[in-house]
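Read the structure below first, then the notes.
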There are 4 protein chains.
Amino acid sequence: MATDYTNLPTPSFVYVDFCLVPLGTGNPSVAEEVAEVQRVLNASKLSYTLHSAGTTVEGPWDDVMRAIGQAHEALLQRGIVRIQTSMRVGARTDKVQHWKEKIDRVENLLAKDSKESK
Amino acid sequence: MATDYTNLPTPSFVYVDFCLVPLGTGNPSVAEEVAEVQRVLNASKLSYTLHSAGTTVEGPWDDVMRAIGQAHEALLQRGIVRIQTSMRVGARTDKVQHWKEKIDRVENLLAKDSKESK
Amino acid sequence: MATDYTNLPTPSFVYVDFCLVPLGTGNPSVAEEVAEVQRVLNASKLSYTLHSAGTTVEGPWDDVMRAIGQAHEALLQRGIVRIQTSMRVGARTDKVQHWKEKIDRVENLLAKDSKESK
Amino acid sequence: MATDYTNLPTPSFVYVDFCLVPLGTGNPSVAEEVAEVQRVLNASKLSYTLHSAGTTVEGPWDDVMRAIGQAHEALLQRGIVRIQTSMRVGARTDKVQHWKEKIDRVENLLAKDSKESK
């Protein structure tokens with residue numbers, strides 16, 4: 001096992017979907033914090049989309065993780081003392097697939113169902 | 001601590017966002033499996049939406065969890081031997097808020113930014 | 001596609017690992033809430049273990065999800081108005097594997113490394 | 001809103017708990033891949049622990065994310081074509097708390113229960 005693990009690069013393309021939760025704010029609403037996160041992502045110039053349960057960002061591993069880390073720091077600097085975040089990360093080398101294409105593939109499969117049942 | 005924990009009910013309304021991953025299929029694509037999951041959700045009559053990194057389902061805890069459990073079982077019965085799923089669950093008693101309203105609130109906050117910067 | 005999805009059962013054995021976050025409490029500590037969750041799990045008679053980043057519960061899908069739902073309800077009844085939970089669910093039909101065995105397998109593989117490097 | 005988001009730092013201390021799933025391998029077991037991930041973390045010199053449902057790593061945001069990114073890359077370079085990972089991230093500024101202390105606090109609360117019920 002002669003791999004030099006310390007010099008490995010990080011993946012060149014990933015998607016990261018995340019949902020950030022501020023703790024101890026005394027306010028059950030998180031809209032202000034989610035808006036601030038979007039501002040950080042917007043400044044990053046990465047491709048991202050807000051959806052029903054989080055935000056998906058796409059790009060090189062280091063850039064995506066740096067932007068999400070900055071989003072955490074932005075909230076900590078505004079006085080949020082604790083943050084708990086859930087993330088889903090996807091990496092693949094067999095093809096580059098934008099999230100929109102993934103949804104399209106599923107919807108095409110489902111469209112065939114209704115044709116077949118006629 | 002006299003609470004009778006065994007007879008507690010489960011929450012009357014939750015949203016569950018999930019991303020299901022089949023293992024050991026020899027195929028890196030998951031579109032077929034995601035389509036099958038949508039069919040199970042469709043049969044459940046619950047409200048759900050497919051997005052960039054998963055599917056969000058809303059309704060009573062027991063109904064939502066039963067439908068997602070059935071989605072797992074549907075894939076196991078089709079020969080998938082192992083499934084690993086990531087979920088985000090949200091429960092709140094202060095108000096009922098459909099996911100669309102949550103996104104609208106954030107977008108309204110961001111819309112104010114651009115007005116203020118003019 | 002003649003499957004009757006509405007009558008599908010749920011998986012007979014799963015592990016669910018979860019991390020529950022109370023929102024709007026005004027207190028960044030979550031130890032009280034985590035302790036309450038352990039009390040609910042203890043009453044459920046299911047097998048569970050608390051670890052560095054959550055709690056893992058094992059058993060039939062319906063029983064595990066009911067217990068975790070009751071844990072949410074226990075906190076909502078104590079006045080927590082919003083909860084956000086992250087879960088990992090694992091289901092497999094090829095074998096029953098307790099989480100302890102999974103860790104042992106990995107540690108056995110790593111133990112071979114140090115023998116080989118001598 | 002004059003914040004310069006692009007020059008924000010990332011948090012100085014986080015814990016990241018992750019569970020990495022290789023897709024398309026034709027093998028439902030993941031022990032080999034989990035062992036490889038541990039080797040990358042070991043080389044990183046960060047503090048980490050393997051538990052019932054994942055691995056928890058602690059340290060500065062950039063270092064932790066770099067190590068986890070390298071773990072992904074190590075598997076991609078070994079021929080895994082797709083990886084899906086679930087992560088929980090915790091950041092706080094009110095105190096530095098090792099995961100072991102968090103568990104101790106909960107267990108101390110539960111120990112009081114049994115004293116009170118005597």
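Here are some notes:
- Sub-8 Å Cβ pairs linking a first residue in the stretch B:93-118 that is at the interface with chain A (Cβ under 9 Å from one of its Cβ atoms) to a second residue that is exposed (fewer than 11 other Cβ atoms within 10 Å of the Cβ), at least 6 apart or interchain, are B:Asp113/D:Met1, ordered by first then second residue.
- Considered as a group, the residues in the stretch B:56-68 that are farther than 17 Å from A:Ser52 by Cβ and in contact with a strand residue (DSSP E or B) (Cβ under 8 Å, 6 or more places away or on another chain) include one that is surrounded by the fewest Cβ atoms within 10 Å (Cβ to Cβ), and that residue is B:Pro60.
- One residue stands out in the stretch A:1-24 among those that are in contact with a Pro (Cβ under 9 Å, 6 or more places away or on another chain) and not in a strand (DSSP E or B): the one that is most open to solvent (accessible area, probe 1.4 Å), namely A:Ser12.
- Residue match in the stretch C:36-47 (condition: away from chain B (no Cβ under 13 Å) and open to solvent by less than 50 Å² (accessible area, probe 1.4 Å)): no
- Failed item, numbered, when A:Ser29 is tested on (1) open to solvent by 20 Å² or more (accessible area, probe 1.4 Å); (2) farther than 30 Å from B:Val37 by Cα; (3) at pLDDT 95 or above; (4) among the small types (Gly, Ala, Ser): (3)
- The residues of the stretch A:61-92 that are of a type in the set (Asp, Glu) and either facing chain D (nearest Cβ under 8 Å) or within 24 Å of B:Asp17 (Cβ to Cβ) (or both), listed by number, are A:Asp62, A:Glu73.
- Looking across the stretch B:3-32, just one residue is farther than 14 Å from D:Asn27 by Cα, of a type in the set (Gly, Ala, Ser) and facing another protein chain (nearest Cβ under 7 Å), and that is B:Ala31.
The values are calculated or read from the model by the stated rules, or taken from the named source; none is laboratory data. Here the structure is a predicted model, which means the values were calculated and not measured. Every residue, glycine as well, gets a Cβ built from its backbone with ideal geometry; the counts of neighbours run over all protein chains shown. Quick note on the areas: whole protein, heavy atoms, side chains included, nothing else; ligands and nucleic acids left out. Shrake-Rupley method; radii C 1.70, N 1.55, O 1.52, S 1.80 Å.
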